[in-house]
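Before any comments, here is the structure.
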Amino acid sequence: MQARPYPSKSGKRLWLSRDEQAKLLSLVEDEYPRRRIALDLALHGLRSDEVRNVEPRHFQPLDDNGKWRLTIPDGKTGTRDTPVSRSLRERVKYLKSAARLRVDEPVIDVSTRSLRDWIVEAREQLADDLDDDRWHDLGMHDLRRTWATDTFYSLAFEGVPIAEELTMAWGGWAMTDSGRETFRRNYLGPVPDHVTSRAMAHLDFR
């Protein structure tokens, strides 16, 4: 976990490592399938309002190789598509069947307050279980920050020339000077540990 203070208020912004993301999701793996999907959607870059309104029909195949995308029809900057994991799509498909949801019915369908309560409950348990007080600062927005930073640096490390543009498009930041400033100032964080670890293979430490 990497933490930085907010520039103008108390508390800290957090960016979770991939291992910490897995710990968060595993906490609600079986007992709370909707919570698991909601947190996973946030870790795919969705805002809280977007998480609440995802419907099964919004998932579409991207190609014939098992890749999927999610259409967000009413995002802050309009309609956009973002890539999602196959496992997330499969969980939504299973929940749709188990709960007998319509294809046009929200999967999560809870209030923003409920989403906040879910993340508070999870972070407090993780803080206790792992004896790590940093978890106390975790909010839904930190999951979006984590996704933005991981996505950008992963693409950049692979040499994708439009890493920032892709991340902003998938995450729904406006392609304007102010949108880019918001992305860089408030969401793009420290280099993720897994990227640093891979980069170190190219360094000659003696």
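The values are calculated or read from the model by the stated rules, or taken from the named source; none is laboratory data. Nothing here was measured: the structure is a model prediction, and the numbers come from that model. In this analysis, Cβ positions are derived from the backbone assuming ideal geometry, glycine residues included, and neighbour counts consider all displayed protein chains.
Only a single item in (1) outside any loop (DSSP other than H, G, I, E, B); (2) within 28 Å of H194 (Cβ to Cβ); (3) of a type outside the set (G, A, S); (4) modelled with pLDDT under 90 is not met by R91, and it is number (4).
Within the range 193-203, is there a residue that is surrounded by fewer than 16 Cβ atoms within 10 Å (Cβ to Cβ), in contact (Cβ under 8 Å) with a residue 40 or more places away in the chain and aliphatic (A, V, I, L, M)? Yes, there is a match, as at least one residue in the range 193-203 is surrounded by fewer than 16 Cβ atoms within 10 Å (Cβ to Cβ), in contact (Cβ under 8 Å) with a residue 40 or more places away in the chain and aliphatic (A, V, I, L, M). T112 meets the stated requirement of being surrounded by 13 or more Cβ atoms within 10 Å (Cβ to Cβ) and more than 11 Å from F59 (Cα to Cα). Against the list (1) assigned to a loop (DSSP other than H, G, I, E, B); (2) in contact with a Phe, Trp or Tyr (Cβ under 7 Å, 6 or more places away or on another chain), the condition V110 fails is (2).
Within the range 159-175, residues that are assigned to a loop (DSSP other than H, G, I, E, B) sit with their Cβ atoms under 7 Å from residues that are of a type in the set (F, W, Y) and crowded, with 17+ Cβ neighbours inside 10 Å, at 6+ positions apart or across chains, in these pairs: W173/F183. In the range 58-80, which residue that is of a type outside the set (S, T, N, Q), in a loop (DSSP other than H, G, I, E, B) and free of Cβ contacts under 8 Å to residues at least 60 places away in the same chain is surrounded by the fewest Cβ atoms within 10 Å (Cβ to Cβ)? Looking at the filtered set, the residue picked out is D64. Taking the range 24-53 as the range and being of a type outside the set (D, E, K, R), in contact with a Pro (Cβ under 9 Å, 6 or more places away or on another chain) and modelled with pLDDT under 95 as the test, only N53 passes. Considering only the range 109-122, state which residues are of a type in the set (A, V, I, L, M, F, W, C) and closer than 14 Å to L143 by Cβ. Result: L115, W118, I119, V120, A122.
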